[in-house]
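One structure is given below, encoded as structure tokens.
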Amino acid sequence: MPESNSFFNDVYEVVRLIPPGRVTSYGAIARYLGSKNARVVGWAMNGANAADVPAHRVVNSVGILTGAQAFDPDNNMEDRLRKEGIEVRANRIVNFKSVFWDPSLEL
DNA sequence: ACCATGACGGTGT
DNA sequence: GACACCGCCATGG
């Protein structure tokens with residue numbers, strides 16, 4: 001597990017703090033951790049799939065479920081979000097602004 | 001140390 | 001709102 005003692009671990013910690021029914025963006029997490037690169041956050045989420053992290057609550061700045069491909073077909077991202085009361089349409093969160101949760105602002 | 005890759009973001013058109 | 005570009009930096013080979 002290369003993630004231990006790493007930047008990835010901090011990412012997981014923040015994602016775990018996202019309230020149910022809310023979502024955040026890769027960039028928001030990156031800024032909160034002091035990093036300027038949102039891609040690294042996405043890279044971290046690639047491994048978060050196996051870890052106990054609500055990765056389905058992390059989307060890009062536009063509200064698109066860019067990481068849906070990384071989820072299992074029966075455990076897909078879109079369904080999990082709908083289950084929490086989030087409106088999803090065509091792989092995109094409809095009321096994105098309403099459910100957006102900024103860690104550096106609300107944490 | 002160099003290079004390619006990537007669940008991204010901001011700006012301009 | 002959609003699309004094309006360019007910059008960003010952690011990891012792995």
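Considering only residues of the range A:41-55 that are among the small types (Gly, Ala, Ser), part of a helix (DSSP H, G or I) and closer than 16 Å to A:Ser6 by Cβ, which is modelled with the lowest pLDDT?
Initially, the range A:41-55 is screened for residues among the small types (Gly, Ala, Ser), giving A:42, A:44, A:47-48, A:50-51, A:55.
Filter once more, keeping what is part of a helix (DSSP H, G or I): A:42, A:44, A:47-48, A:55.
With the extra rule that they be closer than 16 Å to A:Ser6 by Cβ, the set shrinks to A:42, A:44, A:47-48.
Details: A:Gly42: 94, A:Ala44: 93, A:Gly47: 87, A:Ala48: 90.
Per the stated criteria, the residue is A:Gly47.
Quick one: A:Leu65 ticks every box in (1) touching a residue at least 40 places away in the same chain (Cβ under 8 Å); (2) within 8 Å of DNA strand B (Cβ to nearest atom) except a single one, so which number is it?
Result: A:Leu65 passes all but (1).
Exactly one condition in (1) exposed (fewer than 15 other Cβ atoms within 10 Å of the Cβ); (2) in a loop (DSSP other than H, G, I, E, B); (3) of a type in the set (S, T, N, Q) is not met by A:Thr66; state its number.
Exception for A:Thr66: condition (1).
Are there any pairs, at least 6 apart or on different chains, whose C-beta atoms fall under 6 Å, with the first in the range A:29-44 and under 15 Å from A:Thr66 (Cβ atoms) and near DNA strand B (Cβ under 6 Å from one of its atoms) and the second open to solvent by less than 30 Å² (accessible area, probe 1.4 Å) and not in a loop (DSSP other than H, G, I, E, B), and if so, which?
Pairs found: A:Ala38/A:Gly27; A:Ala38/A:Ala30.
Check whether at least one residue in the range A:21-39 is near DNA strand C (Cβ under 9 Å from one of its atoms) and among the basic types (Lys, Arg), and report yes or no.
Looking for residues that are near DNA strand C (Cβ under 9 Å from one of its atoms) and among the basic types (Lys, Arg), one finds at least one in the range A:21-39, hence yes.
The values are calculated or read from the model by the stated rules, or taken from the named source; none is laboratory data. Bear in mind the structure is a predicted one, so any value in this text is a computation, not a measurement. All Cβ positions, even for glycine, are placed from backbone atoms using ideal geometry, and neighbour counts span all protein chains on display. These area figures cover heavy atoms from the full protein model, side chains too; ligands, DNA and RNA do not enter into them. Shrake-Rupley method; radii C 1.70, N 1.55, O 1.52, S 1.80 Å.
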